[in-house]
Structures are given as C-alpha cells and as structure tokens.
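FYI, it's all coordinate maths here, none of it is from the lab. Because the structure is a prediction, the values reported are computed rather than measured. As a convention, Cβ positions derive from the backbone with ideal geometry for all residues, glycine included, and neighbour counts pool all protein chains shown.
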Amino acid sequence: MTSVVTTPAGIAGTKASSGEGVKDRSGHWLLHIVLIVFTFLSCYPILWVLSLAFSGQQSLSIASIPADAGFLDRLRAITPWPATFSLQNFTDVLTEQPFAIWLMNSAIVAGLTTIVGVFLACTAAYAFSRFRFPGRQSGMLMFLISQMFPGTLMMIPLYIIVVSWLGLGNSYFGLVLVYAVTAIPFCVWMMKGYFDTIPIEIEESAIMDGASRSTIFFRIVLPLAKPAVAVTALFSFMTGWNEFILASVFMSEESRYTAPVGLKFFVGGFSAQWGYFAAGSIIVSVPVVILFLYLQKYLVSGLTAGGVKG
Amino acid sequence: MSEFKHSTLRRLLLRVTAFAAPALLVAGFAGEAAAQKQLTVWHAYRGGEKAAFEKAVNAFNEANKAAGISAKTLAVPYDAYADKISAAVPRGTGPDVFIFAQDRLGGWIEAGNIVEPVDFYIDDQVKGRFLPNMMEAVTYRNTAYGLPFNFKSIAMIYNKKAVASPPKTTKELVEWAKKNTDSGSGKYGLGYVYGDFFYHAAVMNAFGGGVFKQEGAAALPTATVNQPANIKSVDLVMKWYKDDKILPAEPSTALITSLFNEGKTNIVFSGPWFLGEVDKSIEVGVTNLPTVDEAGGAPMKPWMTIEGLYISAQSKNKEAAYDLIKYLTSDEAAKVMAVEGRQLPSNKSAFAIPEIANDPVMSGFRKQADTAVPMPNYAVMTLMWSPVTTAMNKIVKGTSAPQAAFDEAQKSLTTDIDALRKTR
Amino acid sequence: MRTTRFPGLDAGLGLLFGLILFFGMSLWFVSLENQNARREAEVRKTTVAAMSLAETVAALETVGAPPEALAPAIEKWREGDALVRDVRLVRQQGAQLVYSSVAADAAKGALPRRLVREEKPLFDLTGQLRGNVESNRAEGYRLPEAPVEGVRDDLLRVTVPIFVGDAYWGIAQVERERSTPAAGGDYGRAGLMLAVAVGVFFALAFVLRAVPLGLPDRWVHLAAVGVLLAVVAVLFGRYELQQLASYEKARASEVAATYQGFSASSQAAAAQVGATVPSTVPLDVDQFRRPLGQIGPDGQLNVPKLDESVSDNVGAIRDQLWWTGLLAAGLAALFALGQMRRLAETVREHRSAYSYVLPAIVGMLLLVFFPFTYGVMLSFTDRTLLNQGVPLTELWVGLDNYVKILGHFDVIRWTADGWSVNYESFYWTLFITICWTVSNVAIGVTLGLMLALALNTENLRGRAIYRVLLILPWAIPNYITALIWKGMFHQQFGVINQAIVMFGGEPVQWFDDVFTSFITGLATNAWLSFPFMMVVSLGALQSIPTDMYEAAKLDGATRWQQFWSITLPLLKPALIPAIILSVVWTFNMFNVIYLVSGGEPAGANEILITKAYKLAFERYQYAYAAAYSFVIFLILLAYGVFQNKVSKATEQVR
C-alpha cells in the first residue's frame, strides 16, 4: 500500500485503465451541441474585444446599422468583425509605454502571490482538515469573515498599514502581502474541502511506517491534492494579476507599476482609448490562458480508485 | 524524487529573487537620493500630453540645476488618482506638486492637510498671465490654492463639409437641424449628451441658472436645483428632443461619436476629448455654442474644467514647488504644452503663437473660453451628480415632469448637504 | 503532579498578575490625566496671554494710537507674566509684520514691513483664522480660532485673531515657556502594596494548609484573592484620585494667577496711550475662543464651576479604574481557577497544528482585522468630510447611524396617483441585493457544475479546447468586458436589440425598467462568474474515485441517480466553500453594478455595497458609510454562521 501512495506517478499510471470506460464517440453529439452553444456565448463578448483591438480604432464599438436595415445588415451589425484590420493598437500599446516591464512586474507580483498564497493556504488547510484543536472552528470562520467586510472602504487603513507602518510602499512585497491575504481564505476553504475527501487511512498507515507529519504532508497529501492546488494557484494568480487600484496607490515609480495599472492609463478621465485598452487587455489575458493550459493537466490527474485503495 | 523537487524549488526561488532584488535595491536608494531638493509631480497624462509635460519639467530642471532643485514626474491612472492623493498626501508620502481638475479642490481643502494655499506667493505678474476666469477655478473661499494649468470645455463641433456656416443662435440651430433630421434613417440635426448634466450646464447657465448658491461664509453652499431658470433650460432641451425631434434618443458619448463619424449628425456639442475619436477623414470646425434666444439672447455658458497645479500641504520644499508651478504656467512651458501636448493652456500667451492661433480647433476652444464659466469647486460638487443625473434621466425618458424631477433632486441634495452640515 | 505544587500557586500568580495589571494600567491612566491637566493648564495660560495681547492691540487701534506706541505698550503688557518669550503681530492688510520680538525678524528689515517668503506660514495663518472665525459664525464651532502649537517640548505657541470693533485686523502670536513640573508616578507605593498583598496571600495559603477550613482550597484561594485585590485596588485608587483632584485644582489657580497678571498689565499698557481694555472680554477660552467659565472677568476662580469640572475629570478616571479593577479581577480569577495553565497546556499540546495555521492567521489579523476594527469604530461616530481634524472620541454618537439605517422603513410611498417604491430605502436595497446574490450564485453554480460535468466526460473530443475557451470570461480583465456588455444592451445600437429585431421582436429599453435593468447586471455577472465555478467543480470532480461509478453501474443505477447519490455528495466539501464565498463576493460585487447598470433606473438597482461607496466617496458621510458596511458585514456573518451550521451537520465525521 505505502509503495503506491508514495509514488504519485504510479497513481497517474493506473488512470488509463480506469474511468467510465471507452464510450461510443457518436453518443457525445448532444454534449457537443451544448458545449458549442456555451462556448459561443462565453466567447461572443470577447470577440468584440478582439474586434475592437484589431480594428485600429479607439471608440468602444457600437454596432453601426444603415438607414433601413434589413436582416443581413443587422446580421453584419452583430458580427464582431472589424471593418478594417490593423495591428496598430497592439504596436502602439507595446511601444508607447514600458508595457513589457509592467508585464514583468505583474508576473513577479502575481507569481509571488501564488507561491505565498498557496503555501500558506495549504499548510493552514491541512491543519484544519487533519488536526482537531481548540479554536479550529472559529479559525475557519475567521477566514470566512475576513471576506465579508466590504473592501472598497478599506483603502486608507490598508495604506497606513502597508506603507506607513511596514514601510512596504513602492515594493513588490507590499502588494504580494495584500494579494496573498486576499486570496488565502478561498484557498484555505477550497483546500480544506479537498483534503477532507482524501481518506485519512493513507496517512495513518504512513505514520505506522514511521513517516513524520511534514513528510506525509509534502510527499503524500500534496501530490494527491494536485487538482485543488491547481485551482487555488490559478485563483491566487488571478487575484494578483488583475488588481489595479492598490498597485497604483502603493507604487511611487512608473517602472514599478503592474500591467493593469498601465492599462488603466488608456481609460478614465475625459477620453478613453478603447482600442488600446482592448489590445492591452488581450495581451494581459494571454499569460492567464497559458497558465490555465499548463494547469489543466493537474485538473485531470486526480485521485483514482487504485490510488486510494492501494 | 525529493531531490528533484527541492532543486526545482531552489531554482525557482533563485529566479524570483533575481527579479526582485534589483527592485528592492532601487527602492532603498531612491529614499537616499532625496537629500537634494527633489520635487515629485503627479499627473494623469499619457501619450503626447505626457511627453510634453515631461519636456517642460526637464526644462525646469535644466534651469534650476545650479540651485540644486530638480523635479521628477509620476503618471497615475485617473481612476486611482483621487484615492492616491487622499491616501498618500495626509501621511506625508505624497508628491510636492499634483495636477487635478478643480472639482475635487473644495473637498480636499475642507478635509484639510492636503492642499497648500499659495496666495502669498502669487504676484500680479503671475496673475496677469492667465485667461480671465482661470484663477477663479483654483480659488476657494477667497484664497488661491494653486495655479491654473489648462482648461477644457464643450463647444460646437461641426463637420465642415456638411455645415457651411455654423448656426449662431438657437433659432438658426433648430432651423438647420430640422432640415437635417430624418429619424427614419437615424439622422439627427444635433447631437450631444443632453441627459448628462455636465453638458446641460451650458444651457442652464445661459438662463442664469445654477445648482448651488453660496451664502455668506458658510463652508457649504445651498442647493438651488429646482430654481425656475433651471426648469426653463430643461424645458427648452425637451422641446428640441420631443417637439422639434432634432436630438437622438438615449444619448451617450459613444453614440454621439458614431453618429458624427458616420455623417448622420454633423453638429455636436462636445469637448476636445471628442476630437481624438473623430474619423481622420472628417474636416472638423470648432466654434462657440449658440446664443439662446429663449434666454434673451444670452450665450450658452458651458462649464470649464480647469486643471490646477497644487502644492501639497505636506511638501518639504514648498518654495521650490511654487517655483515649479510658476514655471509650468509660464509662456515658455505653455507653448510646449499647447504645441506638443495639444492642451489648452490657461496662459493666454500660448494662443498668440502662430501655430496655435492658426489652428482652427485650438482657437475655437479658446474663443469658447470667453463665455465659458469654471465649474464650481465647492466641496459638495460630488454630491450633486447623482441626484441631478437621476432627474435628467427621468425627464429625458418622460417618466417625470422637469419640475417634479428637479424638486426631488433638490430634496435629496439638501438632505445630503445637511447631513454634512449638522456635524461639528 | 497537583499535590507537589506549592499551595495556591495558581491563585497567587493570579493575584500577582492581576495587581500588576491594575497598578500598571491605573498608573498609566493617572499619569496620562496628569499630563493632560498640565498641558491644558499651560495651553490656557498661553491662550490667556495671547488673548490679552489681542485685546491690548485692539484697544490701541481703537483709539488710533501711533505705530511707535506699540512697542512700549507690549513691553508693559509683558510684565504680566515672566514666562512669555516671543511675540508677533501680523496685520492682514498689506501682509504686514507689525511687531516681532524675534531678533532674526528685525534683521530681515525694519518693522513694520511686508512678510518675506519664508514667513508664508504667518500669512496663511492670518488668512486662515479669519476664514475660521467667519465660518464658525455661519455654521457653529468647527474650526479652531485659537490654534495651539508645541514649538518645542518646553515652548507653546498660541495664535489668536485680533478684531478692532467688528473688523478683522490680523493675528497675535505668543510663545510661552511651560513651567509646571510633571507629577511623578507612585511606583514605590504601588510596589509596596503589591508585595504586601502577595505576601499576605501566601501567608494565608500556608496557614490554610496547616489549619484546613473544610472547604475546597481552590474556592478559599479564590475568595482570598478577590478580597485582597479589592482592598488594595480601592485603597490605591482612592489615594490616586485625591492626588489627581488636588493637582488639577492647583493648576487652575495657576491659570487664575496668570489671568490676573495679564488683566493688570494689559490695562496698564493701554493706559500709556489713554486707551482702556474692556474687562468684559473673557480671556480664558478654548481653542474655539469659547469662554471656559472657570475664571470670572475679575480673574477670580469660580469655585463651584471648577469643582464641577474637576469632579467630571476625576469621575471619568474613576470609571476607568473600576473597569481596570474588573479586568484585573477577571484575570486573577482565570489564573486562580487554573484556566491559564490549561490554556498554556493546550497551546503546547497542539503546537504543530497552531504553527501550521499561524502564518495565515497573522496576515489576516494584520491586513483585515485592523482595518475592520477601525471601520467599526468609525461607524459609531459622525465623521464626515468636514470634521476630519476632530479626534474620533469627540464625534461619538453611539448607535445613531445604525438607527438611521435600520429605521429607514419608508419603503413604499403613497402619493395621489398610487404608490411608488422609495429606492433610497435600506430595505429596498437589501431586497435587491438578496435577489442579486441568490440569482447570481444559482446561475453561476448551475452553469459551472453543468459545464464541468460535461467537460469531465471521458474521451470527449476537443475537451481541452472547450475548457480554455470557457475560462476566457474569467481571464480577460472584467473592466472591459463589463463595458462591452453594457454596450451590447444599448437600446438603439446594442447587438442584443439588433438580434431581437432581426428575429422580428420589439427592441427593449433595458435600463429603463427595474427588472430588465436587473437582468443586464445578472447576465453580465453570470457570464463573468461561471468559469470560476466551472474550474472549482472540475478540480473537485477529480476527488471522486471512478470505481464508485463502476460499482453504481453494476447496481443498475441510472446516470441521474449516480449524479444525485455519488457526484453531488462527494462534490460538497469543495463546492460548499466555493458557494459560501461566492455568495459573499457576489453580495459585495461592486464592479459589475457600477459599470453595467449603474444602479439604473434612479438607483433602484443599487446594491448595498455600491450604496455604501456612494455614501463615502460622493456624499462624504464616512461614518454613515462605515455603519452601512458593518451592517453588510453582519448580514453576511449571519449567513455564514447559518451556512456553517448547516454544512457542519452534513460534514462527515472522521
């Protein structure tokens, strides 16, 4: 038994033979229709963003319709395809401002947020799931409670703590700290829920084999919890990746801004360059999509019957 | 396996620290370099405006090298700007100089500890360099709190190909517009965001209306939303919309832009920000908003937003900061900001430069500034927008008569002002 | 183990720590109050000096005394008190420094002269005081008219406005040394009492061991600790309060002496040019120049008034001491009953669990609970834009804000032509917020779960592509997609109405109606939030061992039965937290409402959080907004506790 659980690779290996069995592929056509409809719905507004970004124009596109519009005119109007095709918005966004540096700042901040957030959340969630100790319930509740107080009004107190007290103004760590704390409650609850589903027998037998708590945690439990780690990592990353207001308030040098701050320069005030904003949004979204592609494989490498039962 | 994991982790950590370490070092040194007279200026510009502004600041730095004064700029996104000022300045971590429109000024002054009064520094020579009305925007309760930097207001923007001679009065405007309206094909003679109170203020001011009235030395003015002049002004606009049918329904800035770009509407009321979104192929003219026959021939007086240069109350180098804002409003800097930044400087000498004087757009807005009035800088200006916008929406959609809608706005605004007033 | 311990050790420790707490806190309170009294007396003396100077100058100006008469008059006025240092007079007209006793000022040019650049603060102060006086007259006391600055530790500066008749003239600024030494804390007395009390207790405990009373030791110890603590605390407290009262009275007589000195000297100074200073103007004033009333116009102490104020101050300290005593007693009891020992043992026993949880908790405490506490405190005051300079303690209004929010029952208004809903009402907004949250989470979870199940099908072609395309709404910054949605709902040009017309329908005016406007926000938010739920469900589906389905299939269960009896129960542990949190997030979802419907029509579709935001940042009612936020918090807390109970009941016991 122990030999199986201590080698997660072995678990993945048993996967192929299990599952719901090989299905007749033609039986999936209904599923495909549903998925295609939803994929279309989820992509449609984004196609407008793309169309705006590649149009070379700046105004937030509102479909234009000719005087006495017929069916085809209206169809053209609701088709997200730019009248002219141009890469101008993308080149302008990347050259006019130090966008590459800002993207890198974002990567550092969001990356550190992910590491810090997931690590702290995993340890805390493990304790909540596996230990019984006084204050466990109230501790769990505290994480939940922390999400309940409306954040919009907390800017100034946060500024006082991070910049005036901790002296972390204009530093990546100030932002990482705030983002990680924002992300931790969800991560803790998510991880705890997942840990709860991992049978405790695996650990018990490992303890009997003389493994220490930390060995169990790092070598057995974490590998088994990969899908949950993937979800929380994605969530932590997104928390740090898209936030702009704290990033623009805490940082006092342009070279330290993150990408969403850079994006915000294109809108707000009297005029808005929606084309630039759309192009920038797409550039900013690419890393998230890549990250998701990368994490996908963990989302599908979870528990199997063989792994659990040994 | 565990070895593999550890080494990946270590490599990851190394990589992360390699990125982060230089940043931290820079942060450490930035603090020390401030021993000289280092000024910081915050602005919300980008693109050409930003480049021009940085050029002007560099010129100031060149001229003041000997005195050991230098200034560096920081661009802050507009949406975070006010928050950043309110968070940083009272804690002494803000800039020495910052730029913002006058609408927030009253609030910052009443909050205290944010904006430094500059009356004492200002002499007649400096006062004399501005267009009329400009100082008013940065003056709060008889004290000047900054220098005006540039202005924006709406004016009449028209397609030169379609409009041979722009109408000068509302009568001419309505006549022209009726001829050029065909709602069936989506053509409207006139386009502007008449449901937006900022735009409507031009008509309201022509009738002598207003939203607030200052009484004595009170910190907060009294609301006058439902005064007869305001009602008359709305009645006129509703006549254009409902009876003359020269205005499109549900107006928004995006709608007006697309109407103008498609040639469906050839006269619009809008500001300089509009021109950036206009199709390059359209030849644009800018002229004064018409006079209002219904208000005894008084000109429309749009609200001007005037960006001021303010000195932080927490600045360690206030005199140097004043030298900087004085320089930034000088003829020299105004020229850079106008020619390269395409701003409308409050310094009048800029409009004598041939390039600017011959520019139909710049001189068009300059002319409008003579009849425009600065938007009030009362602390309670931010309280006004929500109730009057609701009222305008109700009126435009016809769910409420102007008088009733404005009565309600008046009531709600008065309640909100009183909530501030009663406090110690 | 218990028998080997010294008798009453727990209780003795309790007494010790209780007393240390009591002595520490009460000495601290008393010394704070002492410092306050001292500072206040010094401020009052300096203010009296500044006020009398202002009156003297006003008297001189009233009779039109020549400028050269000013210096000798001020010299005469100075005789009133030996501790006055620098004096400045600034006249607003022409920004004139009329008089200054500072040598450096005279060196910059002969007086009177125009203020120079470095003297800008004086100029600003001159303008500011005028504004403050006028504004206070117009709307009640809010801004200081006699501001005090601590120039150095031993030097105070007070500036007051000068009015000649009703006309503003300028300012008088006086710096004065602080004189009175601080009263030292009674550390020796406290230490002695502590030693005696603890000694007595252990002696008692020792005796008790030899001579058993027949009662449980523990309760006897507890009673002994209680009695000793009470006796010591009352003795010490009474003594300290008496000291405090006499100290405050002594300070008041000092102020009166200064008052008399300046009354006489300013009269003498004015007499030099044949003017008189009206003796009716009170000189002993607070920072708003309101008379304090403890000293009459003749400079004599008003004893009843003084006693009243002293007993007010002392009474406040007495209350604090009572609370401290109770706290100390509580602490002592905890020790005496062995609770503290048990706590320490618990921490030791579960130290690995606590060390796993601690880092996350510390971050949370620092960044969430501090701002939270600040917000809660704010909600009990009436802080607004206009009184930001005033300390929170002076703005205390108790539960007023909450009463105002929760008492907003005026939901439906009856008018001549029927009824209408008052969208400003808290309860309407709460109703909308709940509808908003429930519908959003229901749609988000259903869609997310459904798609996750579909994507989890084995051997489905193009699974990876679907998965990536379906998370796109989450990946693109929601600021832009929300605005695209808003554009799509545009009445005339929006694609949704175009599509409706295309298929022969009538265009809908989306933002005009409460319901359709609600739909716009709902559609946008459902679109934004389903990918999150989908990803969470996908991760959670992986925790279900596949052989369970095999077994179910063997038992002949249908797919639907499999879903209800296997999938759903096993998804619960991961799904429930995601649902709880998404309820919380949706409840506070600011962006979508703000960007898409903007609360249209007429604020009917505002949710609580957007309303709180508007209260704070548009209407500047900070405290009211904080109370609003706290109400939001309480609602969510109630939900969280309820949900937690429900899910705990279903949680598997292991």
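Of the residues B:S233, B:S185, B:S346, the one that moves most in a GNM of chain B with alpha-carbon contacts below 10 Å is B:S185. What angle do you read, to the nearest 10 degrees and between 0 and 90, between the alpha-carbon axis of helix B:47-63 and the longest principal axis of chain B? Compared with the principal axis, the helix lies near 50 degrees. Between A:L94 and B:D370, the simple label model (points 7 Å from Cα in the Cβ direction) yields a spacing of 5.0 nm.
With neighbour counts taken as other beta-carbon atoms within 10 Å, the residues C:K611, B:K171 rank, fewest first, as B:K171, C:K611.
Working note: Cα atoms of chain C, range along each principal axis, descending, whole Å: 113, 91, 56. Identify all lysines with a Cα-Cα distance to C:K305 below 30 Å; exclude those on the same chain that are fewer than 8 residues away in sequence. Qualifying lysines at Cα under 30 Å: B:K422, C:K45, C:K249. Using the Cβ-Cβ distance between C:T62 and C:A104 with R0 set to 35 Å, the FRET efficiency works out to roughly 0.70.
Between A:S214 and C:L392, the FRET efficiency estimated from the beta carbon spacing at R0 = 41 angstrom works out to 0.35. Can you classify segment B:281-381 as rounded, prolate or oblate using the Cα gyration tensor, where a ≥ b ≥ c are the square roots of its eigenvalues, rounded means a/c under 1.5, and otherwise it's prolate if a/b beats b/c and oblate if not? Note, shape of segment B:281-381 comes out oblate.
Projection of the Cα convex hull of segment B:216-327, averaged over all directions and equal to a quarter of that hull's surface, yields 12.6 nm². The relative contact order of chain C comes to 15 percent, based on Cα pairs under 8 Å that sit 6 or more residues apart. Say each of C:R238 and B:N61 gets a label point 7 Å from the Cα, pointing the same way as Cα to Cβ; how far apart are those two points in nm? Label-label distance for C:R238 and B:N61, simple model: 7.3 nm. Name the most mobile residue of B:G297, B:G209, B:G146, meaning the one with the largest mean-square fluctuation, in a Gaussian network model of chain B with Cα contacts below 10 Å. In this elastic network of chain B, the residue with the biggest mean-square fluctuation among B:G297, B:G209, B:G146 is B:G297.
For segment B:322-388, the alpha carbon positions stretch 44, 32, 18 Å along the principal axes, listed from largest to smallest.
For the listed residue pairs B:K171/B:K239; B:K232/C:K614; B:K242/B:K397, the alpha carbons are over 21 angstrom apart in B:K232/C:K614. Treating each Cα of the protein assembly as shown as one equal point scatterer and applying the Debye formula with no solvent, the log10 of I(q)/I(0) at q = 0.09 Å⁻¹ comes out as -1.37.
Please report the relative contact order for segment C:509-584, taking Cα pairs under 8 Å with a sequence separation of at least 6, and give it as a percent rounded to a whole number.
In percent, rounded to a whole number, it is 32.
GNM remark for chain B: springs join alpha carbons under 10 Å apart, and the peak mean-square fluctuation among B:E136, B:E319, B:E49 falls on B:E319. Averaging 1/r over each pair of different alpha-carbon atoms in segment C:179-315 and inverting the result gives 19.7 Å, the Kirkwood hydrodynamic radius. Classified by the C-alpha gyration tensor, segment C:58-119 has an oblate form. Its axis ratio a/c, with a ≥ b ≥ c, is 1.5 or above, and a/b does not exceed b/c.
Based only on other Cβ atoms within 10 Å, what is the fewest-to-most ordering of A:Y276, A:Y298?
Values: A:Y276 25, A:Y298 19.
Starting with the residue having the fewest Cβ neighbours, the order is A:Y298, A:Y276.
Quick check on my link table: of B:K37/B:K316; B:K280/B:K348; A:K226/C:K645, which ones sit more than 18 Å apart, alpha carbon to alpha carbon? Going by Cα-Cα distance, B:K280/B:K348; A:K226/C:K645 fall outside the 18 Å limit. In summary, the aspartates and glutamates within cross-link reach of B:K318, defined as a Cα separation below 15 angstrom excluding same-chain residues under 8 places away, comprise B:D96, B:E116, B:D119, C:E118, C:E119, C:D124. What is the diffusion coefficient of segment C:340-414 in µm²/s, taking the Kirkwood radius over Cα pairs and the Stokes-Einstein relation at 4 °C with a viscosity of 1.567 mPa s? My calculation gives 79 µm²/s for D. Put in order of Cβ neighbour count within 10 Å, fewest first, the listed residues C:R341, C:R130 become C:R341, C:R130. Residues in segment C:286-303 carry Karplus couplings, in order, of 8, 6, 9, 6, 9, x, 7, x, 7, 10, x, x, 7, x, 8, 5, 8, 4 Hz; the curve used is 6.51 cos²θ - 1.76 cosθ + 1.60 with θ = phi - 60°, and Gly or Pro positions show x.
Computed extension gain for B:A249 through B:S185, at 0.36 nm per residue and net of the alpha carbon distance, reaches 21.7 nm. The alpha carbon gyration tensor of segment C:84-177 gives principal lengths a ≥ b ≥ c with a/c of 1.5 or higher and a/b no greater than b/c, which makes the shape oblate.
Proximity of backbone amide H atoms, modeled 1.01 Å from N, is registered between B:T40 and B:K72, B:D96, B:V97 at under 5 Å, excluding neighbours fewer than 5 places apart on the same chain. Between C:E345 and C:K553, take the C-beta separation as r, use R0 = 45 Å, and let me know the FRET efficiency to the nearest 0.05. My answer for the efficiency is 0.30. Distance between the modelled labels on B:D119 and C:Q272, one decimal in nanometres: 3.0 nm (7 Å Cα→Cβ projection).
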